Amino acid sequence: MIDTHRWTAVVIFATAMALVESAVVAYLRALLNVVDPYQAVPPEVPMWVIRTEIVREAATLIMLVAVGWLAGQTWRGRLGYFLIAFGVWDILYYVFLVPLSGWPRSLLDWDVLFLIPLPWWGPVLAPVSIATLMIVGGTLMSQCDQREGTPWPGRWSWGLSLGGVLVALYVFMADAIRVAGEGYEAIQNVRPTWFNWPLFTVALALMAAPIVDVCWQRWGRPQARRLS
């Protein structure tokens, strides 16, 4: 059974955090006159703003880890609630940006997703897809706080998931990696023109391995026994 009180509290926190995040980004883009982050001619952004954004991103991750830690009772539950918080925050960040700034106009609009260690670029649909997996997987994992013997992903599924994460990171940072040897200015000015959906789809499937593993342990095996 899902602890609905804890789950709801984490979702409420992540929702409020997403609204704050989207408001900050809307203010920043208005001040820089950059509504759409994907522009053929990149705007001049002061270095102190970029450094501040990197620190803010790190602080955001710390906040998400903290709420997962507070909500969970075991390390497994804490990981689950962290994934829930991250997924809800990421999806609602884009939802709130629409009325605040009129962007994104579609799920295929390009966005700079992260700046650590290099800029991540991808259509909005890509991080939303990962966030959806995080909510589903986190919800399953958070149940480990409730009773002993709750199914948990095996090492093989975690290995596949880690491989998927690395592949997705490469897809997001491929263009920045390609020009990394040309210096900081080249990295900041690069604008991808094609997203590697085939490779990203493989990465998404690999990242879903823990969810498939838990679902099989919970519902697949008993059915297999009945059929045998």
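Bear in mind these aren't lab numbers, they're just calculated from the coordinates by the rules spelled out. These figures come from a predicted structure and were not determined experimentally. Every residue, glycine among them, receives a Cβ derived from its backbone with ideal geometry; neighbour counts consider all protein chains shown.
Please identify the longest segment of the chain free of exposed GluC sites (Glu not before Pro), where exposed means a DSSP state other than H, G, I, E or B and no more than 12 other Cβ atoms within 10 Å.
It runs 45-147.
Using a Gaussian network model of the chain in which every pair of alpha carbons under 10 angstrom is joined by a spring, one finds that among 203, 26, 58 the greatest mean-square fluctuation is at 58.
May I ask you to derive the relative contact order of the chain, considering only C-alpha pairs under 8 Å and at least 6 residues apart, and to give it as an integer percent? Intermediate results must be reported in sequence, preceding the final value.
Numbers: 284 pairs, mean separation 49.2, N = 228.
22 percent.
From the gyration tensor of the Cα coordinates in the stretch 28-185, what semi-axes in whole Å does the equivalent ellipsoid have, largest first, with each one equal to sqrt(5λ)?
Numbers: eigenvalues 202, 66, 46 Å².
Each semi-axis is the square root of five times an eigenvalue, giving 32, 18, 15 Å.
Computed about its Cα centre, the charge dipole of the chain is approximately 940 debye, with only Lys, Arg, Asp and Glu carrying charge at their Cβ.
For the chain, hydrophobic long helices are taken as DSSP H runs at least 30 Å long by C-alpha position along their axis with mean Kyte-Doolittle hydropathy of -0.5 or more; these are 4-32, 47-71, 75-101, 155-178. Which of the trypsin sites (Lys or Arg not before Pro) across the stretch 116-204 are loop residues per DSSP, with 11 or fewer other Cβ within 10 Å? Those that pass, being in a loop and sparsely packed, are 147. Adding -39500 (n - 2.57) for every DSSP H run of four residues or longer, then dividing by how many residues the chain holds, sets the calculated 222 nm ellipticity at -22500 deg cm²/dmol. Given the options 93, 219, 129, identify the residue whose Cα lies farthest towards the positive end of the charge dipole of the chain (+1 on Cβ of Lys, Arg; -1 on Cβ of Asp, Glu). Result: 219. Extension gain for residue 180-residue 47 works out to 46.1 nm (0.36 nm per residue, less the C-alpha to C-alpha distance).
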